[in-house]
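The structure under discussion appears below in the form of structure tokens.
The values are calculated or read from the model by the stated rules, or taken from the named source; none is laboratory data. The structure presented is a predicted model; accordingly, all values stated were derived computationally and were not measured. In this analysis, Cβ positions are derived from the backbone assuming ideal geometry, glycine residues included, and neighbour counts consider all displayed protein chains. Please note that ligands, DNA and RNA were not included when accessible areas were found on the heavy atoms of the full protein model with its side chains. Shrake-Rupley method; radii C 1.70, N 1.55, O 1.52, S 1.80 Å.
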Amino acid sequence: MKILLTGREGQVGWELQRSLVALGDVVATNRHELDLRETKPDVIVNAAAYTAVDNAESERDRAMQVNAIAPGILAEEAKLLGALLVHYSTDYVFDGSKQAPYKEEDTPNPLSVYGRTKLEGEQAIAASKCRHLIFRTSWVYAPRGRNFLLAILKAAREKPELRVVDDQFGAPTSSAAIAEATARVLRAGGPEGLYHMSASGRTTWFNFAQAILHKVAIATPVVPIRSDQYPAKAKRPRNSVLDNARLKQAFGVSLPGWESQLEQVMGQVLR
């Protein structure tokens, strides 16, 4: 199997380079090196994304180019090559008004430019009729890059206290868990389409921050606040917990709980 991986420098792309090696020949690229016709892959794994949720509010064109237009182009190329396209989307395609975890068939209603561009990427892939797997994931973090975990650790060492939102619910999911689950899905084989792929369980940003600091024994106080007390440019869903039952039913794949994923990631951070 020949696998073309885009977005190799991102959080998920970095981990995918390691998890996909066991499946075949992996060609890892960034967007400046992409040449599908020359590579002729059997599988295209698109881990490239514009993920700066707040910046997207003022950089709509850039977010649209990376999150919507580029996936559509990849989908058309995948169709011409007969390749399978694997793409990652987000829990932020939902508005958070549902109390229970979101299922794949629930109607999206994104609140932010980021969420809208990611949804348009999903729609462009589906419209192309190429062979595809779209994985919606949630609150992605890693021991490298720019993410909530590293931001909290940095802020806790520099500030006397942290004020963190406590009325948004989700499932923090590590890039390593996503990469491993992707490899397991490709190895297992199964029906193509849209799947939710996130950690099991749920928490708030406040409780996630507390759990992070507990792991490193940092005593900086964490104060819970409401969403309207935090000056964010983009609106986030109050509930973006995903129901992962379809992924388990189709492939026998389920991701560990968010607490155990955090334990594994912190083991790398503390080395």
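Structure notes:
- So residue 45, is it β-branched (Val, Ile, Thr) and either touching a Gly at 6+ places or on another chain (Cβ under 8 Å) or open to solvent by 10 Å² or more (accessible area, probe 1.4 Å) (or both): no
- Within the option set 224, 160, 143, 231, being over 26 Å from residue 50 (Cα atoms), assigned to a loop (DSSP other than H, G, I, E, B) and open to solvent by 10 Å² or more (accessible area, probe 1.4 Å) holds for one residue only, 160.
- Test for residue 57: is it in contact with a Ser or Thr (Cβ under 9 Å, 6 or more places away or on another chain), open to solvent by 20 Å² or more (accessible area, probe 1.4 Å), under 25 Å from residue 139 (Cβ atoms) and not small (Gly, Ala, Ser): yes
- Residue match in the range 26-35 (condition: touching a Pro at 6+ places or on another chain (Cβ under 8 Å), β-branched (Val, Ile, Thr) and open to solvent by less than 40 Å² (accessible area, probe 1.4 Å)): no
- Candidate set: the range 67-121, residues that are under 24 Å from residue 43 (Cβ atoms) and basic (Lys, Arg); chosen: the one least open to solvent (accessible area, probe 1.4 Å): 118
- Selection within the range 164-180 - assigned to a helix (DSSP H, G or I) and either open to solvent by 20 Å² or more (accessible area, probe 1.4 Å) or not hydrophobic (A, V, I, L, M, F, W, C) (or both): 175, 176, 180
- Positions within the range 181-207 being farther than 18 Å from residue 8 by Cβ, in a helix (DSSP H, G or I) and open to solvent by less than 10 Å² (accessible area, probe 1.4 Å), in sequence order: 181, 185
- Selection over the range 66-103 of residues that are among the basic types (Lys, Arg) and in a loop (DSSP other than H, G, I, E, B) gives a count of 2.
- Residue count for the range 231-260, restricted to those that are small (Gly, Ala, Ser) and under 20 Å from residue 141 (Cβ atoms): 6.
- If you filter the range 208-220 down to residues that are in a loop (DSSP other than H, G, I, E, B) and out of contact with any strand residue (DSSP E or B) (no Cβ under 7 Å at 6 or more places or on another chain), you find that the one that is farthest from residue 184 (Cα to Cα) is 219.
Condition check ((1) more than 16 Å from the chain's Cα centre (by Cα); (2) among the hydrophobic types (A, V, I, L, M, F, W, C); (3) under 17 Å from residue 68 (Cα atoms)) across all residues:
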{"residue": "86", "(1), (2), (3)": "no, yes, yes"}
{"residue": "92", "(1), (2), (3)": "no, no, yes"}
{"residue": "95", "(1), (2), (3)": "yes, no, no"}
{"residue": "100", "(1), (2), (3)": "yes, yes, no"}
{"residue": "107", "(1), (2), (3)": "yes, no, no"}
{"residue": "111", "(1), (2), (3)": "yes, yes, yes"}
{"residue": "120", "(1), (2), (3)": "no, no, yes"}
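- Scan of the range 56-93 for residues that are touching a Gly at 6+ places or on another chain (Cβ under 8 Å) and among the aromatic types (Phe, Trp, Tyr), ordered by number: 92
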